[in-house]
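Enquirer: To start, I am sharing the structure in question, which I have written as structure tokens.
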Amino acid sequence: DAKTTQPTSMDCAEGRAANLPCNHSTISGNEYVYWYRQIHSQGPQYIIHGLKNNETNEMASLIITEDRKSSTLILPHATLRDTAVYYCIVVANFGNEKLTFGTGTRLTIIP
Amino acid sequence: SQTIHQWPATLVQPVGSPLSLECTVEGTSNPNLYWYRQAAGRGLQLLFYSVGIGQISSEVPQNLSASRPQDRQFILSSKKLLLSDSGFYLCAFKSRRALSPLHFGNGTRLTVT
């Protein structure tokens with residue numbers, strides 16, 4: 001699986017959009033981008049995934065660049081409960097048994 | 001619906017004692033199963049994963065072992081705990097459906113004293 005690079009930490013004001021970047025410059029054509037988040041002392045929670053088109057669900061939006069070498073997770077109206085560590089990983093759509101995570105981005109929502 | 005159960009939630013064990021953490025999955029057959037560890041303030045470290053009964057892949061040589069005696073049961077063990085085994089242990093599963101995400105349990109916080 002391709003390696004990802006994320007900023008160590010970010011702050012965002014409550015009510016604003018939180019934009020979390022992820023670089024995955026070595027992504028392969030069959031690899032999807034997945035985002036998870038981990039609230040303190042809990043197991044990580046799946047947020048969203050995508051291949052090349054932008055995706056949106058009830059939690060967030062995922063914007064993937066045309067060359068697929070980077071992506072941005074957008075939380076449109078951040079709340080204090082969105083304070084968490086956000087992980088971006090890339091996963092092949094087959095033969096993807098081994099799933100490793102980086103250190104993620106610690107997002108702090110400021111009141 | 002698919003659910004994962006992991007227990008206990010917290011555990012305090014003395015150095016040199018054995019360990020057994022259990023994880024069970026419901027609502028899916030033949031899932032991929034995973035054990036991760038998270039040291040305080042650190043990222044998720046993949047310890048073991050399994051694609052079937054009795055099939056265990058180890059990612060980090062250490063004081064721990066894993067077993068999968070049944071399709072939806074995954075056990076993490078140690079014969080003698082070390083202080084460095086302290087951490088937050090997370091079990092996860094992934095169904096065989098294409099593009100299905102990982103689902104994590106609530107974790108076990110292990111403190112070795």
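Enquirer: Return a whole-number percent for the relative contact order of chain B, with Cα pairs under 8 Å and 6 or more residues apart as the contact set.
Expert: 35
Enquirer: Now for a separate question. For chain A, modelled as a Gaussian network with Cα springs under 10 Å, which listed residue fluctuates most, A:Glu66, A:Glu58, A:Glu14?
Expert: Ranking A:Glu66, A:Glu58, A:Glu14 by mean-square fluctuation puts A:Glu58 first.
Enquirer: About the Cα centre of chain A, how large is the charge dipole given +1 on each Lys and Arg Cβ and -1 on each Asp and Glu Cβ? Please answer in debye to the nearest 20.
Expert: 160
Enquirer: May I ask you to derive the FRET efficiency for A:Gln42 and A:Arg16 from their Cβ-Cβ distance with R0 = 25 Å, giving the value to the nearest 0.05?
Expert: After rounding to 0.05, the efficiency reads 0.55.
Enquirer: Got a sec to turn the phi values of segment A:59-69 into Karplus ³J(HN,Hα) couplings, 6.51 cos²θ - 1.76 cosθ + 1.60 with θ = phi - 60°, whole Hz, x for Gly and Pro?
Expert: 9, 6, 10, 10, 10, 10, 5, 4, 7, 6, 7
Enquirer: May I ask what percent, to the nearest 5, of DSSP beta bridges between residues of the protein assembly as shown are antiparallel?
Expert: Close to 90 percent.
Enquirer: Per residue of B:43-50, count partner chain C-beta atoms within 10 Å of its C-beta, then hand back the mean as an integer.
Expert: Across the residues of B:43-50, the mean count of other-chain Cβ atoms within 10 Å is 4.
Enquirer: Cross-link partners among aspartates and glutamates for A:Lys52, C-alpha distance below 19 Å, same-chain residues fewer than 8 apart left out?
Expert: Hits, sequence-local ones excluded: A:Asp1, A:Glu31, A:Glu66, A:Asp67.
Enquirer: With all protein chains present and a 1.4 Å probe, how do A:Tyr34, B:Tyr49 order by accessible area, largest first?
Expert: B:Tyr49, A:Tyr34
Enquirer: Still on this structure, I have one more. Using only protein heavy atoms and a 1.4 angstrom probe, determine the accessible area buried between A and B, summed over both sides, in Å² to the nearest 100.
Expert: Counting protein atoms only, the buried area is about 1700 Å².
Enquirer: Can you tell me the order of A:83-89, B:65-71 when each peptide is scored by its average per-residue count of other Cβ atoms within 10 angstrom, highest first?
Expert: A:83-89, B:65-71
Enquirer: Let me ask something additional. Using the 2.2 N^0.38 Å rule of thumb for compact globular proteins, work out how chain B stacks up: its C-alpha Rg over that value, please.
Expert: Cα Rg divided by the expected 2.2 N^0.38 Å: 1.02.
Enquirer: Continuing with this model, one more query. Starting at the first residue of segment A:5-21, write each ³J(HN,Hα) from the Karplus equation 6.51 cos²θ - 1.76 cosθ + 1.60 with θ = phi - 60°, in whole Hz, x for Gly and Pro.
Expert: With coefficients 6.51, -1.76 and 1.60, one gets 10, 10, x, 5, 8, 8, 10, 8, 6, 4, x, 8, 7, 9, 10, 10, x Hz.
Enquirer: Using a 4.7 Å cut-off between beta carbons, which cysteines in chain A end up with no partner cysteine at all?
Expert: A:Cys12
Enquirer: Name the residues of segment B:85-111 whose accessible area falls by at least 40 Å² when all protein chains are present instead of the chain alone, probe 1.4 Å?
Expert: The answer is B:Lys94, B:Leu99, B:Pro101, B:Leu102, B:Phe104.
Enquirer: Next question. Highest first, please rank the peptides B:34-41, B:12-19 by the mean number of other Cβ atoms sitting within 10 Å of their residues.
Expert: B:34-41, B:12-19
Enquirer: On the accessible surface of segment A:13-111, probed at 1.4 Å, how many percent belong to carbon and sulfur atoms?
Expert: C and S atoms contribute 48 percent here.
Enquirer: In debye, nearest 20, what is the charge dipole magnitude of chain B about its Cα centre with +1 on Lys and Arg Cβ and -1 on Asp and Glu Cβ, if you could check?
Expert: 120
Enquirer: Computing the accessible area with a 1.4 Å probe over protein heavy atoms, can you report the carbon and sulfur percentage for segment B:50-106?
Expert: Within segment B:50-106, the accessible surface is 52 percent carbon and sulfur.
Enquirer: Express the accessible area of chain B per residue in Å², computed with a 1.4 Å probe while the remaining protein chains stay in the model.
Expert: Result: 46 Å² of accessible area for each residue.
Enquirer: Whenever you get a sec, line up A:Glu55, A:Glu31 from highest to lowest accessible area (probe 1.4 Å, protein heavy atoms).
Expert: A:Glu55, A:Glu31
Enquirer: Can you compute the charge dipole magnitude of segment A:1-58 about its Cα centre, using +1 on each Lys and Arg Cβ and -1 on each Asp and Glu Cβ, nothing else charged? Give it in debye, rounded to the nearest 20.
Expert: 100
Enquirer: Next up: Leaving ligands and nucleic acids out of the surface, order A:Arg16, B:Arg96 by accessible area at 1.4 Å, largest first.
Expert: Per-residue accessible area, sorted high to low, gives A:Arg16, B:Arg96.
Enquirer: I'd like the FRET efficiency for B:Gln13 and A:Thr65, computed as 1/(1 + (r/R0)^6) with the beta carbon distance as r and R0 of 41 Å, rounded to 0.05.
Expert: My answer for the efficiency is 0.30.
The values are calculated or read from the model by the stated rules, or taken from the named source; none is laboratory data. Owing to the predicted nature of the structure, the values given are computational and were not obtained by experimental measurement. Methodologically, a virtual Cβ is constructed for each residue, glycine included, from the backbone with ideal geometry; neighbour enumeration extends over all protein chains shown. Ligands, DNA and RNA are stripped out before the accessible areas are found, and what is left, the full protein with its side chains, is counted by its heavy atoms. Shrake-Rupley method; radii C 1.70, N 1.55, O 1.52, S 1.80 Å.
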